[in-house]
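Okay, so here's the structure we're looking at.
The values are calculated or read from the model by the stated rules, or taken from the named source; none is laboratory data. Note that the structure is a prediction, hence the values are computed from the model and not measured. Cβ: placed from backbone, ideal geometry, glycine included. Neighbour counts: every protein chain shown. We work out accessible area using only protein heavy atoms, side chains counted, and drop any ligands, DNA or RNA first. Shrake-Rupley method; radii C 1.70, N 1.55, O 1.52, S 1.80 Å.
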Amino acid sequence: SVDLTEIATPFLTRLVEETYQTANLGVLDNGSVLHLLVCEPQRSLRFRSANGTRDAVHCTGLGKLLLAGLPSAQARGILEAAAPLERRTASTITDIDVLMAEIERTRSRRYAVDQEEGARGVCCLAVPIRQGGADGDRWTASISLSGPIGEMSGEQRDPLLNALGRVAELMAASGELMAALDLGQWASSAD
């Protein structure tokens, strides 16, 4: 029995130290995002969350990315089961057809963006931890960065996405981490 938190913490700590944003490791569980691990930067202005908390899939970067890792019909089914979708901000997408188009864009580019959809002033960027490494076309776990929108848009976005991508590849290459995630259990709970 391996402690997922112990194995994943060095990866997310590295991401936090490089970006100064909150890093999250999440999976899809029973129709919501389950935050397996959250690492926060040592600064006063930061996005706060906690290990073991849950969040909605429709208005979070992690959620949209995790839905993009599923077949479209399955992703739509999860959204329909959660309907009506809660409007948290003026930017929250609550129309399932519009959200499915966003999930298709997310699937194509292999990263998700939440621009003040879950909370005003907060942006989230998420990338998959791909089964089979960088070329894998399946994922059931994801990492993200969350922080002030002014620090995560425009020219600042690409370096953050690059940092996320590097760490996700390192995580996918860690046999110990992938075994601890036991991706099969999360894939089955996404049904």
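List of remarks:
- Residues within region 57-69 that are open to solvent by less than 20 Å² (accessible area, probe 1.4 Å) and part of a loop (DSSP other than H, G, I, E, B), tallied: 4
- Verdict on Ser91 being among the hydroxyl-bearing types (Ser, Thr, Tyr) and at pLDDT below 95: no
- Scanning region 94-130 for residues being in contact with a His (Cβ under 8 Å, 6 or more places away or on another chain) and open to solvent by 30 Å² or more (accessible area, probe 1.4 Å) gives a total of 1.
- Hits in region 22-44 (condition: assigned to a loop (DSSP other than H, G, I, E, B) and open to solvent by 10 Å² or more (accessible area, probe 1.4 Å)): Asn30, Gly31, Glu40, Gln42, Arg43, Ser44
- Candidate set: region 79-93, residues that are among the aliphatic types (A, V, I, L, M) and surrounded by fewer than 17 Cβ atoms within 10 Å (Cβ to Cβ); chosen: the one nearest to Leu125 (Cα to Cα): Ala90
- Of all the criteria given as (1) within 21 Å of Leu12 (Cβ to Cβ); (2) of a type outside the set (Val, Ile, Thr); (3) modelled with pLDDT of 95 or more; (4) in a loop (DSSP other than H, G, I, E, B), the one not satisfied by Gly118 is (3).
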